[in-house]
1. Helix 28-43 versus the longest principal axis of the chain: what is the Cα-based angle in degrees, 0 to 90, to the nearest 10?
2. Using the Cα atoms of region 34-182 to build a convex hull, what is its mean projected area in square nanometres?
3. Could you sort the peptides 224-233, 200-209 by per-residue average Cβ neighbour count (10 Å cutoff), highest mean leading?
4. How long is the chain along each principal axis, judged by its Cα atoms, biggest number first, in Å?
5. Evaluate the relative contact order of region 231-371 (contact order divided by residue number), counting alpha-carbon pairs under 8 angstrom at least 6 apart; express in whole percent.
6. Separation of region 17-59 and region 173-241 by C-alpha centroid, Å?
7. At a 10 Å Cβ-Cβ cut-off, how would you order 267, 132, fewest neighbours first?
8. How large is the convex hull of the C-alpha atoms of region 9-121 per residue, in Å³?
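Coordinate-derived values only; no laboratory data. What you see is a predicted model, and the numbers here were worked out from it, not measured in a lab. Quick reminder, even Gly has a Cβ in these numbers, built from the backbone with ideal geometry, and neighbours come from all protein chains shown.
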């Protein structure tokens, strides 16, 4: 008996097909709601998923490498002292990194040597030695206090590199305004490992002859890898003299957005420029920290005495940022997008069923048409004679 029941169940499972019962409802309002929902889903699938989001393509992000080289010579004449500044003097660091600083202004303190000297005014003023506690440091000071108040300056004496740096007045106009005409060469290569494609910003047509005479322009020469610093600052929205006086930071974004469903030669970079420290319209009152600067020292021996030349450098920091996204047709995301779209079509059925069964005046009639009620005989387990009961169930 059990064997025949199992055999019958397996036969029903493998050789029968069940389909949901469907009811054709002639109702204009419900029909219009259904078609509008289906139309919205269709527009979403075609317009957003396939056309805008390109759901039929797989994506990849590039592995990138950037090399830079600066060219240009600057000249200054400060208090009759003439200097010529070349790349090794005004670029930090000098290795050609993707982030570097070009000096545009500076404060120089020459001939410093270790010793004792008075602090600058307003750094640590004093009236007597009691105001200068020996052995202590002040965060904004230049050295360790010796406990002596210097009467000629009314400031505390410190053990430091003397004379101490006086950076209260920033040169204006910037001493190295010539930096506006320096040029920057950028060499960038990207590899999309999933698609096995490697590209360089020296694309087809960018050869040595072209590089020697071209200069980047967003419309006339958008692929030239040589950039004038003044143009970079202008395209980022800033004024060169303003940013050169106290320094700042500019981001150079190399955008590789490529579609490999077409020829690889069409995959070309686009350059964008952005000020990274605030907006061009910000003023000294609205910006929390003005400019960009740092200090570095050149040490030397003079008559067996160690001395140094200290420079407070104001400059423009350039950060080269590579962003990339490559796409190519792939059957798997295509089928996934289609499958999810077909599933969303079920929303129309759910909404229309809710309207039919709970909102329309003839909802009881539609319920009777949609659902079939049957009397299912079941055996009462408590009855020895196996008496039958009747249960109403929905299908």
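1. 40 degrees
2. Details: hull surface 79.0 nm².
With every direction weighted equally, the projected area is 19.8 nm².
3. Numbers: 224-233: 20.4, 200-209: 12.1.
Going by the mean number of other Cβ atoms within 10 Å, highest first, we get 224-233, 200-209.
4. Taking max minus min along each principal axis of the Cα atoms, the chain gives 121, 67, 50 Å.
5. Details: 180 pairs, mean separation 37.7, N = 141.
Answer for region 231-371 is 27 percent.
6. Between the Cα centre of region 17-59 and that of region 173-241, the gap is 48 Å.
7. Numbers: 267 19, 132 23.
Listed from fewest to most nearby Cβ atoms, that is 267, 132.
8. Numbers: hull volume 57.9 nm³, N = 113.
Given the Cα convex hull of region 9-121, per-residue volume reads 513 Å³.
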